[in-house]
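The block underneath contains the structure these notes are about, expressed in structure tokens.
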Amino acid sequence: MENATLLELLESDREMILASLNRDRSPASAQAALEKALDRVALRYAEQCPDAASRDAAQSILRALRSALPLVDSVGEVRRWQKTAPTPAARRMKPAALGLMALGVVMELAVMLGLLITGGRLTGAVAFIEALLPAALGMAALYWAGLKQGRPDKQKDAAPDLRDEFLIDADRVWHHLRGMILLADSAVESARSRAAVDQQKQAAAGQGPLDRTQAELFAGLLENCYAQDSADGREMAEGIRFYLHGLGVEAADYVKGREAWFEFLPAQQSGTIRPALLIDDKLIKKGLASN
């Protein structure tokens, strides 16, 4: 694609860019894909653009766009993830519950051993109460151990483990990128126009076909030819005039009405000592005349 604009170069990579954006929709991956796309456009434009002013402007603008990529509004979807806590394993025996259970078992065993030793014979109310009390206390201890173990532990209110995942919208990113490149093309065209105007101004100032040194050289050669006042001198002067005419430079002799193009030396006769040099009727080197 010869002399293509930045937008045309970008459009030629459209499918590849969209495929990269859809492959991984995270903002970091999208930024990397866009940076690669801009670098590719910059390289291809530099290879096919013959105008130095346009190349420099394009490189500068694309570098600025590359640094502005993180500011592009590209997020099209937000996914929220909540971490699910695993099913808790069987709880261990609490120390308080374990102690009460051990106490209850010991008391119940003590009652059973007492009954075995006495053969199960309890004489009197006091003996019955003495046997019943440890059994009741043992049962109470076992009951209290069950309550302790079954009571849930106090837990601090913990914030839910949430995670947000931001996903870009590939079509929206492409739309923004295309708009930026369109503005870049406009800026490059403005830079090209300014460079053309500057070249025209330089040509008008005498920096076109001849620079200042060359203008001084040809003016001196013509002055020497005019000073010879011979056929050879006139022939050499005509050759120089013809060469300058091919460059777009005209050598003008002094006549009435051209005073602004010449400097004057006093003399008895008026005439041209050195012709003036002009480009498109614009003076680039004043002539010398006698008056």
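Read the figures in this text as sums done on the coordinates, not as results from a lab. Since the model is a prediction, treat every value here as computed from it, not as a measurement. Counting neighbours? That spans all protein chains shown, and the Cβs are built from the backbone with ideal geometry, glycine included.
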Given points 7 Å out from each Cα along the Cα-Cβ axis, report the E11 to L247 separation in nanometres with one decimal. 4.5
Contour minus Cα-Cα span, A32 to L18, at 0.36 nm per residue, comes to 3.8 nm
Provide the packing ranking of 216-226, 22-32, i.e. peptides ordered by the mean count of other C-beta atoms within 10 Å per residue, highest first. 216-226, 22-32
Sequence-distant or interchain residues sharing an amide H contact under 5 Å with I284, placed H: which? L277, L278, I279
Along Cα→Cβ, 7 Å out, is where each label goes; now give me the distance between the ones at A195 and L183 in nm to one decimal. 2.3
